[in-house]
Amino acid sequence: MQRVLTLSSNRKPLMPCHPARARRLLREGRASVFRRQPFTIILNDRDDGNVQPVDCRLDPGSRTTGIALVAQGEHGDRLVWAGELTHRSAAIKQSLDSRRSLRRARRVRKTRYRKPRFDNRSRPQGWLAPSLSSRVAQTTTWVRRLTALTPVNAAQVETVRFDTQKLENPDIAGVEYQRGTLFGEELRQYLLTRHNHTCAYCRGQSNDPVLNRDHVLPKALGGTDRVANLVIACRTCNEAKDNIHPQRWIAQLSTSNRRVDRVRADNMARIWSGWRPSLKDAAAVNATRYATGNAVKTLIPDTRFDSGGRTAFNRKQQGHPKAHWVDAACVGERGSSVRISPQHQPLAIKATGWGSRQMQRVDRHGFPRTSTKGARNVQGFQTGDRVEAVVPKGRKAGRYVGRVAVRSSGSFNIQSANGVIQGINHRHCRVIHQADGYTYN
């Protein structure tokens, strides 16, 4: 169960408490709500307390990063808080592509809005594209927030996603770690990522959930253990292919009228011709792994790094389900023994940004089609704030909680769980969580 983050009366981080205890403290007036997301209380009658060592563990991903706070107690490590941070890299790339196309169109039409500049093209060492640097910044933001709300004294970051030396040369020696039991997990995780956790032959048509490693050219026919000759296949396809040569198997499948066999024939032909799935997501993780780790290390000096193969090995050994926040809890050597409650629900965090700096919307030709933006704050409210509106009477009488979109007229729209409620006067609204560039669930 997700614990409630707790602060002392002088805002010193204390150990997260059970939700039942937090409710009792709030009911008795001994604590107040300090922050809605992540939910944090501040004690009114206590300025200090004993704390246990807490690890902040991260499982960085291309789209979602898992975050876990693990407390080290007398009875072992225990997960006390978890979250899944969804990045907005795709939205940033789409915005940059749109801006680029509009500027190019203006140049073609000779309608520049500024003089050309060619002396500001240098990039500093360690530069990352905006879609990549946003991942690092968002992860760092949440580590900074959690260290201010919990007594974090160490961090574990998964940085080495794949052991490339083991992938290219399975017989490599000289490093004790690479001679251990993790090699199979390193290679398996690489193949699963490359094929998006789906059978390379039938693309899930067989509905067989068991995925195995398969040699495109069977070893009995001279195939090797090189990564280029390996794919992920479901058990049904693996047994059907057996030790048949790929070209012969394609010919056999082509004579079948079954839909799954036609899909297998098409995909086997593509694989045999040299096609492999894109590793764009894996490349994004590899490009930002050390930037994320170094950024975290500036906040938590005692930061250690480990591989994705060890994370998967720890999770499977303990029988935990596959999820980003679970992987985060299993990062590193201490991740081999972590208690996770089956009822634990992580906080879903989605990065939405702070809005756009574009002053006017444009049509498909790049010409303005709307008026200039109005005031950002209206009557103390800002678009993105989470508000509670209590309308006493009228057609819209009731209580509404959700994200607000402000209007200069003072009549707001509220995005609640049941849809958009339009025309709610600002006098009926109360801010319960200020906009911070994220949405929560």
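Looking at region 278-288, which of its residues are closer than 14 Å to residue 158 by Cβ and surrounded by 20 or more Cβ atoms within 10 Å (Cβ to Cβ)?
Passing the criteria: 285, 288.
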(message) Restricting to region 191-215, name every residue that is surrounded by 18 or more Cβ atoms within 10 Å (Cβ to Cβ) and among the hydrophobic types (A, V, I, L, M, F, W, C).
(response) 191, 199, 200, 202, 211
(request) Considering each residue of region 363-383, count those that are among the β-branched types (Val, Ile, Thr) and outside any loop (DSSP other than H, G, I, E, B), and give that number. (result) 1
(message) For the list (1) without any contact (Cβ under 8 Å) to a residue 60 or more places away in the chain; (2) farther than 23 Å from residue 95 by Cβ, I need the number of the one condition that residue 433 fails.
(response) (1)
(request) May I ask you to verify whether residue 401 is part of a strand (DSSP E or B), in contact with a helix residue (DSSP H, G or I) (Cβ under 7 Å, 6 or more places away or on another chain), β-branched (Val, Ile, Thr) and surrounded by 10 or more Cβ atoms within 10 Å (Cβ to Cβ)? (result) no
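Here's the yes/no breakdown for (1) touching an Asp or Glu at 6+ places or on another chain (Cβ under 7 Å); (2) of a type in the set (Ser, Thr, Tyr); (3) touching a residue at least 24 places away in the same chain (Cβ under 8 Å):
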site: 55; (1), (2), (3): no, no, yes
site: 64; (1), (2), (3): yes, yes, yes
site: 70; (1), (2), (3): yes, no, yes
site: 74; (1), (2), (3): no, no, no
site: 84; (1), (2), (3): no, no, yes
site: 117; (1), (2), (3): no, no, no
(message) Among the residues of region 273-292, are any in contact with a strand residue (DSSP E or B) (Cβ under 9 Å, 6 or more places away or on another chain), more than 21 Å from residue 190 (Cα to Cα) and at pLDDT 80 or above?
(response) no
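So that you can scan it fast, the table gives a plain yes or no per residue for (1) over 22 Å from residue 202 (Cα atoms); (2) of a type outside the set (Ser, Thr, Tyr); (3) part of a helix (DSSP H, G or I):
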residue	(1), (2), (3)
263	no, yes, yes
267	no, yes, yes
270	no, yes, yes
286	yes, yes, yes
290	yes, no, yes
304	yes, yes, no
315	yes, yes, yes
326	yes, yes, yes
(request) Those residues that are in a loop (DSSP other than H, G, I, E, B), in contact (Cβ under 8 Å) with a residue 12 or more places away in the chain and farther than 18 Å from residue 136 by Cα, I need them from region 332-353; list them, please. (result) 332, 337, 340, 341, 343, 344, 345, 346
(request) Would you mind finding the one in 103, 117 that is surrounded by 10 or more Cβ atoms within 10 Å (Cβ to Cβ), among the basic types (Lys, Arg), over 24 Å from the mean Cα position of the chain (by Cα) and farther than 19 Å from residue 146 by Cα? (result) 103
(request) Could you please give the count of residues in region 36-75 that are in contact with a Gly (Cβ under 6 Å, 6 or more places away or on another chain) and not in a loop (DSSP other than H, G, I, E, B)? (result) 2
(request) Could you list all residues from region 96-115 that are at pLDDT 80 or above and over 12 Å from residue 362 (Cβ atoms)? (result) 96, 97, 100, 104, 107, 108, 109
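Looking for whichever is touching a strand residue (DSSP E or B) at 6+ places or on another chain (Cβ under 6 Å) and closer than 30 Å to residue 282 by Cβ here; the options are 390, 331. Which one fits?
Being touching a strand residue (DSSP E or B) at 6+ places or on another chain (Cβ under 6 Å) and closer than 30 Å to residue 282 by Cβ holds for just one of 390, 331, which is 331.
The values are calculated or read from the model by the stated rules, or taken from the named source; none is laboratory data. Because the structure is a prediction, the values reported are computed rather than measured. Here the Cβ is made from the backbone with ideal geometry for all residues, glycine too, and neighbour counts use every protein chain on show.
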